[in-house]
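Engineer: First the structure, then my questions, so here it is.
Throughout, read-outs are computed from the coordinates displayed, never taken from laboratory work. In this text the structure is predicted, and so the values were computed from the model without any measurement.
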Amino acid sequence: MKKILFILIAFLTLNVFAQPPGGRGRRGDGQGPSSNNNQKAQKFNASNVARIFYYDIDKAIKKTKVKKEEKQLSIKKIIKNYNLKIKEISFLNSQKFSDLNLVVNSGSKNILPEERMKMRKKVNEIIRPIRDEIHELEKELNNNLEEVLTEKQFKKWLKYQKTQREKLMPKRAQNGQGQRQRQGGMNNGRGMRRQ
């Protein structure tokens, strides 16, 4: 019931605050070099925001450079178990993700900044518990792998895991991070473990 109410409110909000057809400014005319970049960067994907992704088991073994067959079997079992749990979370929340994608992508360019902030807050309220659950599963995954892998192999695993997470980040966020680094505000991935 809350989900239906949220979607209804979101659609009404989008319709009320939509700009009239002739009221587009220069940025909204679809011309110019930045408009294509903004459209690609603004495409919202709820499952990416919630960190729904699956590890490629063979690639993980290759990246960690595990040679022993017995150790490879242990790693396969651990990652396969994690992937199954993620698939279950994805399935149970697929309708939420679909609804959020529809609402956010249907008119995000045409709403006022205040309404955008309200929408962002509501999306965060829906996504946060899912993301927290996935974070706990990642911690369990890492603990299990740390028991099997050598210290060097585990560092390689963490590096691989970080690159997989970064693939989920929207392009706009990556570009923004690159600009901050060029301006001297290097972050070096602070806060990555909390996410």
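Engineer: Cross-link partners among aspartates and glutamates for residue 62, C-alpha distance below 17 Å, same-chain residues fewer than 8 apart left out?
Structural biologist: Partners within reach: 70, 146, 151.
Engineer: Would you mind checking 63/96; 65/96; 77/152 for any pair whose Cα atoms are more than 29 angstrom apart? Working shown, then result.
Structural biologist: Working: 63/96 34 Å; 65/96 38 Å; 77/152 20 Å.
Checking Cα-Cα distances, 63/96; 65/96 exceed 29 Å.
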